[in-house]
Amino acid sequence: MPTRHVLPTLLGLVVVAVSAVADAQTPAARPARDIHPESRNRLPPLTPGVEGVAAIRLHASGVDVRWNSPLGRQLTELAILTAAREHDQPYEWSLHEMEAVAVGLDPVVIDVVRHQRSVAGLAGKPAIIIEMGREIFGRHALSAPVYANALKILGKTDLIDIVILMANYAATATRLTAFNQQMPPGWKQFLPLPFTPPDDMLPDTRSRLPYVKAPAGPTPGPLYSRGLAPEGTGPGQINRHGSGLKLLEAGVGRRTMALAVLVTSHEHRHAYHWARSEAAARKDGLEAAVIDVVRKDGPVTGLDEKDAAIVQFSRELFRNHTVAPATYQRALKIFGERNLVDLVDLMARAVNDLTLLTAFDQR
């Protein structure tokens, strides 16, 4: 695997071996004609020495995509709804459905996403945005024909911007689901779910986290540039409980952080991300036996308490799109509220990266 750094011989062998195993398990192993030989993804390199997610982001327009994309608010809200639907995230879906209706998105298009119907009756940009989201999040791979069609219909910059927007809201869905964020009292939930949401939520926040007052800040701007979440709920409220990755490292250590990223990578089946994550995890002291449990979907019964809690929590979060109350309480007891919020944030950041790596087929 080409790299900008000279690694110790042993680590280099680990990366090659891990990559080979991961490639054998994921859709990214298939040959593809649309991969650039230098970037090893679907986009040409712009800056020498920059690779992966950082290189992909260099192709973006730089605008605030949700509010200022030339595609318009109807299509950016459609992209957000698609991400929310594929993650079975009721809070994210419901607030953004209201926003989508407000900006004029056709209810017929919304229902295609809500009920996961065929896009055959749609055309052009709405259809390709829905198709892309379903493949990226549902299959953990974006097929060459759908990518080529998206590139033709949207153009390179808008395509990249839309994927970045979807990635952001996939990460947000991860945080909301982990802490069981439900609708505020009196607000209707519009998304049909394949499970019954857990009932372990507090009455003031309608999530698993207690209320933390918002810090004093600037006066909100115009209505359609404000966040949708009512005070006390949503991703902003969740973030108030965290302290950032530096304090997380002090609280749980790099080995546990590496395990959280590794199991997130495995659940999204991406060879490039797995290879880099496994190499980093070994460097941070994660044992080969634990790595194999993750790689082979092994039982958590043989792991120590902390490792088992992380692996079980992540598997439920990404496979079931819900975390059982007992699983949540176990992790809360082991890590404490602040560290658990920050561990979920770390996993959400990995989801953001994995979305981009999947869409542009990073090898």
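The values are calculated or read from the model by the stated rules, or taken from the named source; none is laboratory data. As the structure is a computational prediction, the values presented were derived from the model and not from experiment. Every residue, glycine as well, gets a Cβ built from its backbone with ideal geometry; the counts of neighbours run over all protein chains shown.
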Discussion item. Going by what's in this entry, would ARG330 be described as basic (Lys, Arg) and buried (at least 17 other Cβ atoms within 10 Å of the Cβ)?
Written reply: no
Item to complete: Among the candidates VAL311, VAL323, single out the residue that is outside any loop (DSSP other than H, G, I, E, B) and surrounded by 14 or more Cβ atoms within 10 Å (Cβ to Cβ).
Response: VAL311
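Do we find a residue being at pLDDT below 95 and under 23 Å from the mean Cα position of the chain (by Cα) anywhere in region 271-281?
Taking every residue of region 271-281 in turn, none turns out to be at pLDDT below 95 and under 23 Å from the mean Cα position of the chain (by Cα).
In region 38-108, which helices (runs of 4 or more DSSP H) lie fully inside it and hold 1 or more residues that are in contact with a helix residue (DSSP H, G or I) (Cβ under 8 Å, 6 or more places away or on another chain) and more than 17 Å from ALA359 (Cβ to Cβ)?
65-68, 73-86, 90-102
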Item to complete: Mind telling me which of the residues ALA79, ALA100 ends up being closer than 15 Å to ALA167 by Cβ and either surrounded by 22 or more Cβ atoms within 10 Å (Cβ to Cβ) or outside the structural domain of GLU135 (by TED's automatic domain parsing) (or both)?
Response: ALA79
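Regarding region 211-222, can at least one residue be identified that is surrounded by 14 or more Cβ atoms within 10 Å (Cβ to Cβ), outside the structural domain of ARG330 (by TED's automatic domain parsing) and part of a loop (DSSP other than H, G, I, E, B)?
yes
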Practice prompt. Scan ALA229, ALA171, ALA178 and give me the residue that is closer than 19 Å to ALA348 by Cβ, surrounded by fewer than 21 Cβ atoms within 10 Å (Cβ to Cβ) and not β-branched (Val, Ile, Thr).
Written response: ALA229
Worksheet item: Out of (1) under 29 Å from GLN181 (Cα atoms); (2) basic (Lys, Arg); (3) in contact with a His (Cβ under 7 Å, 6 or more places away or on another chain), what's the single condition that is false for ARG254?
Response: (3)
Worksheet item: Residues in region 161-215 that are of a type in the set (Gly, Ala, Ser) and touching a residue at least 60 places away in the same chain (Cβ under 8 Å): how many?
Response: 5
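Listed here are the residues, each with its yes/no results for (1) assigned to a loop (DSSP other than H, G, I, E, B); (2) within 16 Å of ARG349 (Cα to Cα).
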{"site": "MET257", "(1), (2)": "no, yes"}
{"site": "ALA260", "(1), (2)": "no, yes"}
{"site": "SER265", "(1), (2)": "no, yes"}
{"site": "GLU278", "(1), (2)": "no, no"}
{"site": "ARG282", "(1), (2)": "no, no"}
{"site": "GLY285", "(1), (2)": "yes, no"}
{"site": "VAL293", "(1), (2)": "no, no"}
{"site": "ASP297", "(1), (2)": "yes, no"}
Worksheet item: Any chance region 326-333 includes a residue that's at pLDDT 95 or above, β-branched (Val, Ile, Thr) and farther than 18 Å from GLY253 by Cα?
Response: yes
Worksheet item: Residues in region 119-160 that are without any contact (Cβ under 8 Å) to a residue 24 or more places away in the chain, on the phi < 0 side of the Ramachandran plot and of a type outside the set (A, V, I, L, M): how many?
Response: 7
Practice prompt. Considering (1) over 30 Å from TRP93 (Cβ atoms); (2) in contact with an Asp or Glu (Cβ under 9 Å, 6 or more places away or on another chain); (3) surrounded by fewer than 15 Cβ atoms within 10 Å (Cβ to Cβ), say which one ALA271 fails and leave the rest.
Written response: (3)
